[in-house]
Amino acid sequence: QVQLVESGGGLVQPGGSLRLSCAASGRTFSSSTMGWFRQGPGKEREFVAATSWTGGSTYYADSVKGRFTISRDNAKNTVYLQMNSLKPEDTAVYYCAATRYGVYGVRITRVNEYDYWGQGTQVTVSS
């Protein structure tokens, strides 16, 4: 049983920081890609960042490049999203996702390329 559980969301002021965590369990992800997506009010779910369990390569959406950092701790089966210089437009539900075994390229940005999803964690950036 695959389970992805996000945590770390909350309310933060513009310019502030948050670190999201995604605890993965139920299968091996060593040959998979882990990604972060977000969905704001009235918007489609959009790609934020991705990383491979092996190799350590990362890829970011232009909207977050230079502000967000994705990382992972293989020993803990956890992927992180460090978010700095947060803006109101970053407000969204953030989802952790994983590809199936063998899909591990970092430039995997489509929702339908990910097979497993967490329930999401709300991030609100407001004064």
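Annotations for the structure displayed:
- Dipole of the chain, positive end: most advanced residue of T69, Y95, Y114 [Cβ charges, Cα centre]: T69
- Highest average packing first - 83-95, 102-114, Cβ atoms within 10 Å: 83-95, 102-114
- Estimated D of the chain in µm² per second, where Rh is the Kirkwood radius over Cα pairs and Stokes-Einstein applies at 37 °C, 0.692 mPa s: 230 µm²/s
- Per residue, the accessible area of segment 1-124 comes to 51 Å², computed with a 1.4 Å probe over protein heavy atoms only.
- With all protein chains in place and a 1.4 Å probe, the accessible surface of the chain carries 43 percent carbon and sulfur.
- Residue-wise HN-Hα coupling along segment 33-41, computed from phi with Karplus coefficients 6.51, -1.76, 1.60 (Hz; x: Gly, Pro): 10, 9, x, 10, 10, 9, 9, x, x
- Straight Cα distances below 16 angstrom link K87 to the lysines K65, with same-chain residues fewer than 8 positions distant left out.
The values are calculated or read from the model by the stated rules, or taken from the named source; none is laboratory data. What you see is a predicted model; the values in this text were computed from it and never measured. Note: ideal-geometry Cβ built from the backbone for every residue, glycine included; neighbour counts use all protein chains shown. Surface accessibility is based on the protein's heavy atoms, side chains included, excluding ligands, DNA and RNA. Shrake-Rupley method; radii C 1.70, N 1.55, O 1.52, S 1.80 Å.
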